[in-house]
Amino acid sequence: MGETVHAALTEGFTDPVRDVLWGHIYLTPALARLIDSAPFMRLYRIMQLGPVFRVYPGATHTRASHSIGVYHLGRRLLQNLAERGAAGWLSPEGVRSFLCACLLHDMGHFPYTHSLKELPLRSHEALTGAIIRSEPVRTLVGDTGADPDLAAAIVDKELSGGGFSADSGELPFYRKLLSGCLDPDKLDYLNRDARYCGVPYGAQDVDFILSRLIPHIERGADIDSRLIPNVEAILFSKYLMYRTIYWHRQVRSATSMIKKALLKNLESGLLTGEALYNLDDQSLFSLLQGGSSVLNGSAPALSGSALAEAVWEGRLYAAVAEIPFVEADHACLRDIGSRSRHEQQLTEEFRMAGIPLAADDLIIDVPEPVSFETGLYVLDEDRYFGDSSSAFKTDMLNSFVKTLYTIRIFVNPFFEKKIETLPQLCDILYVKREWLQ
């Protein structure tokens, strides 16, 4: 390993942070100043799993602890890959930029997990890139010996990377490492979320995984067949975590309620995307419940405050129907705007049946897109993972997605019993399909 690259990864890491999952995590003094900065401190006020604590009370860990964990695994990953030949195309500045990208990769993340993901807003990766390139973070990143433009471009793939061209090898290499099947982000959140939720599904053999990766300048990291069981474990763990935690019925209810409240205000112009950037969990709810502080003059209060207040107080909407998602029938529901129109139609169907639902009393929920592809190359089998000796073929991975995707219809719990005992319920939800067309 080149001496300068070795120094960038091993020297000066004198400031320890004690982590529940990984024990002592060491930072340089300059990196330690980054996690003490005001933009990073916001991440301590955002719970990693949002409303999941309603189902798993221990799930109160933050985006900050996750980010520090990703930095720790990113450093270990790069150390192992550098020792196996990656040092030949790495630079000290690039290495430090990658470490900063790992530490700051969620800097622009929205509050309350993925409630804002489908809304017409800038991506959190773009917001992260903008924060890294702006003060005070830009100077703090520069003080670590990193290139702020490269660190931002590793996270936000729309950026050029300054002097590190996307064609040079180093920038795409770092991007592949930070976003892939065996990336430090996934290895941390699966293990961390499982630990705090008290479930065994997410635990991964990180030491063995990192010890077996082989660097590739274009693909990031390859594997040999001995790692196939570990990749299978990650894929199945991700499936189980989505099925039992991330997309639990109550989690989907809270998420869809906040999403509906925000969408109404964005569409009406009462709220702009800029007002939602850089919020934490508390300020998001304060915004929705009060609203006037972000509005100009005598503008009306934000709508949807009752939905936000209900979520804040734990009065979640009840699921009155769960329908397997079928692409041919339900593709229109993927679009959040189209979903709102179908909510209006379905609400009217219930009104005609004698259930006086208001506009905010019914929500159609469809989960966000999720992928189980790996993109990994198995060297000793000379083929990609999908064509390897793994039992996890494309059809099986597609079945994971199919099983997870469920349309849920949530209603105000005041109307739950009335709807469940409605004689026409089956006709409205299953036989009368025109509202899905």
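Read-outs throughout are calculated quantities, based only on the coordinates presented, and are distinct from any laboratory measurement. It should be emphasised that the depicted structure is a prediction, and the values quoted were computed from it without experimental measurement. Neighbour counts run over all protein chains shown; Cβ positions are idealised from the backbone, glycine included.
Axis angle, to the nearest 10 degrees, between helix 249-268 and the longest C-alpha principal axis of the chain: 80 degrees. For residue 17, the amide hydrogen comes within under 5 Å of the amide hydrogens of 25, 26, 27, counting only partners 5 or more places away or on other chains and with H modelled in the peptide plane. Quick check: the angle from helix 184-197's long axis to the longest principal axis of the chain, C-alpha only, nearest 10 degrees? Between helix and principal axis, roughly 50 degrees.
Restricting to DSSP H runs of at least four residues, report the calculated mean residue ellipticity at 222 nm for the chain, -39500 (n - 2.57) per run over all residues, nearest 500 deg cm²/dmol.
Details: 19 runs with 195 residues, N = 437.
That comes out to -13000 deg cm²/dmol.
Given their separation in residues at 0.36 nm each and the Cα-Cα distance between them, residue 225 and residue 278 gain 14.8 nm when the chain is fully extended.
The simple spin-label model puts a point 7 Å past each Cα toward its Cβ; for residue 312 and residue 398 those points are separated by 4.6 nm. Shown here for segment 361-424: GluC sites (Glu not before Pro) in loop regions (DSSP other than H, G, I, E, B) with at most 15 other Cβ atoms within 10 Å, namely 373. Could you give the Stokes-Einstein D for segment 10-129 in µm² per second, using the C-alpha Kirkwood radius, 25 °C, 0.890 mPa s? It diffuses with D of about 157 µm²/s by this estimate.
Here is the tail figure for segment 125-234: Cα pairs spaced more than 25 Å apart come to 36 percent of all pairs. Residues whose amide H comes within less than 5 Å of that of residue 216, counting only those at least five positions distant or on another chain, are 221, 222 (H built at 1.01 Å from N in the peptide plane). With Cα atoms defining each centre, segment 70-108 and segment 197-221 are spaced 15 Å apart in the structure. FRET efficiency for the pair residue 7 and residue 60, taken as 1/(1 + (r/R0)^6) with r the Cβ-Cβ distance and R0 = 30 Å, rounds to 0.20. Farthest towards the positive end of the charge dipole of segment 3-246, among the residues 119, 95, 153, is the Cα of 119, using unit charges on the Cβ of Lys, Arg, Asp and Glu.
Using Cα springs under 10 Å in a Gaussian network model of the chain, which residue among 47, 396, 257 shows the largest mean-square fluctuation? In this elastic network of the chain, the residue with the biggest mean-square fluctuation among 47, 396, 257 is 396. The Stokes-Einstein estimate for segment 96-188, based on a Kirkwood radius over Cα pairs and taken at 10 °C with 1.306 mPa s viscosity, is a diffusion coefficient of 119 µm²/s.
When the chain is treated as a Gaussian network with alpha carbon springs shorter than 10 Å, the biggest mean-square fluctuation among 79, 345, 48 belongs to 345.
Size descriptor for segment 3-246, Kirkwood hydrodynamic radius: 18.1 Å (Cα pairs only, one decimal).
Note: relative contact order over segment 3-246, using C-alpha pairs below 8 Å and six or more positions apart, is 19 percent. Across segment 132-144, in residue order, what do the Karplus-derived ³J(HN,Hα) couplings come to in whole Hz, using 6.51 cos²θ - 1.76 cosθ + 1.60 with θ = phi - 60° and x for Gly and Pro? Listing the rounded values in order: 5, 8, 10, 6, x, 5, 4, 5, 5, 5, x, 5, 7 Hz.
Compactness of the chain was expressed as the Cα radius of gyration divided by 2.2 N^0.38 Å, which yields 1.05.
Each of 27, 134, 412 was scored by the projection of its Cα onto the charge dipole of the chain, and the greatest displacement toward the positive side belongs to 412; charges sit on the C-beta of Lys, Arg, Asp and Glu.
Centre-to-centre separation between the Cα atoms of segment 342-414 and those of segment 15-41: 36 Å.
Karplus-derived 3J(HN,Hα) values for segment 329-344, using 6.51 cos²θ - 1.76 cosθ + 1.60 with θ = phi - 60°, are 9, 10, 4, 5, 7, 5, 7, 5, x, 5, 4, 4, 5, 5, 4, 4 Hz; glycine and proline are entered as x. For residue 320, neighbours were defined as the other residues whose beta-carbon sits under 12 Å from its Cβ, and their charges (Lys and Arg +1, Asp and Glu -1) total -1. Give me the lysines in straight-line cross-link reach of residue 117: C-alpha distance below 23 Å, same-chain residues under 8 apart excluded. Straight-distance partners of residue 117: 157, 176, 186, 238, 259, 260, 264, 402.
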